[in-house]
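Participant: Below you will find the structure I want to go over with you.
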Amino acid sequence: MSLPTDSAARKNIPVYRGFVKCFPDAIAAVAQLTGVATKQHHPDGGVYWDKTKSVDELDALLRHMLDDAMEPLSRDAEGVLHAVKIAWRGMANLQRLADSGVDIFALLDEYAGYDGRIVTVDESWCPPVPMETLVKT
C-alpha cells in the first residue's frame, strides 16, 4: 500500500499535521528504538525493520503493556521504556496488516464515518500534556 496519487485524496491524509505535529517526541522515541533493534538483530546492517526476526506483534505489545501497567515508566533489559515498545509494536502490527493487503484506510473510513472532508489540524487539537499528570504516584 502506498499513498494515493490523486491530489485530492492525498490531501485527506494529513501525515505531517495529523501525526508528526501531534506526536514528535513519540515518533523520535520509536525511531530510536528501531536503531536499538538494529544493533540487537543485525549490527552490521543499516537501520531497517527486519520483518523476519519477530512476527508476534500483538503478543509482544500486550506483554509490554502488562509490564508498563504493573510498573509505570519501567524499562526492559535494553533500557527502553515499555511504553515506547508498545507504540512500536502497534505500528508494526498496523503495517503488517497493510502489507498483507488489508485496506487499512478503508477500514478507518468505514469505522469513523469519514465523509471525505479535508481535516485541518491546529495546535489546540493535540496540546502537550505534562507527564506528571499522566502518571500516578
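Participant: Every residue in the range 1-17 that is in a helix (DSSP H, G or I) and over 13 Å from the mean Cα position of the chain (by Cα), please. Can you show your working first?
Facilitator: Just the residues of the range 1-17 that are in a helix (DSSP H, G or I), to begin with: 7-11, 15-17.
Passing the criteria: S7, A8, A9, R10, K11, Y16, R17.
Participant: Only one of (1) out of contact with any Lys or Arg (no Cβ under 9 Å at 6 or more places or on another chain); (2) at pLDDT 95 or above fails for G79. Which number is that?
Facilitator: (2)
Participant: Hey, another quick one. When you scan the range 4-26, do you find a residue that is out of contact with any Pro (no Cβ under 8 Å at 6 or more places or on another chain), more than 26 Å from F105 (Cβ to Cβ) and of a type outside the set (D, E), even just one?
Facilitator: Looking for residues that are out of contact with any Pro (no Cβ under 8 Å at 6 or more places or on another chain), more than 26 Å from F105 (Cβ to Cβ) and of a type outside the set (D, E), one finds none in the range 4-26, hence no.
Participant: Next question. Can you pull out every residue in the range 73-99 that is aliphatic (A, V, I, L, M) and either touching a Phe, Trp or Tyr at 6+ places or on another chain (Cβ under 6 Å) or assigned to a helix (DSSP H, G or I) (or both)? Give the steps one after another, and end with the answer.
Facilitator: Of the range 73-99, the ones aliphatic (A, V, I, L, M) are 73, 77, 80-81, 83-84, 86-87, 91-92, 94, 97-98.
Residues satisfying the conditions are A83, V84, I86, A87, M91, A92, L94, L97, A98.
Participant: In addition: Just to be sure I understand the filter: pairs with C-beta atoms under 6 Å, separated by 6 or more residues or on different chains, first member in the range 55-80 and surrounded by 14 or more Cβ atoms within 10 Å (Cβ to Cβ), second member outside any helix (DSSP H, G or I) and of a type outside the set (F, W, Y). Which pairs pass?
Facilitator: Close Cβ pairs (under 6 Å, with a partner that is outside any helix (DSSP H, G or I) and of a type outside the set (F, W, Y)) amount to D67/S74; P72/V135; R75/L81.
Participant: Would you check which residues across the range 14-27 are free of Cβ contacts under 8 Å to residues at least 12 places away in the same chain and surrounded by 11 or more Cβ atoms within 10 Å (Cβ to Cβ) and list them?
Facilitator: Within the range 14-27, F19, V20, P24, I27 qualify.
Participant: Related question: May I ask you to say which residue of V36, V102 is surrounded by 12 or more Cβ atoms within 10 Å (Cβ to Cβ), assigned to a helix (DSSP H, G or I), of a type in the set (V, I, T) and at negative phi? Outline the logic, then answer.
Facilitator: On the way: V102 fails: assigned to a helix (DSSP H, G or I).
Checking each option against the conditions leaves just V36.
The values are calculated or read from the model by the stated rules, or taken from the named source; none is laboratory data. Model, not experiment: these values are computed from the prediction. Every residue, glycine as well, gets a Cβ built from its backbone with ideal geometry; the counts of neighbours run over all protein chains shown.
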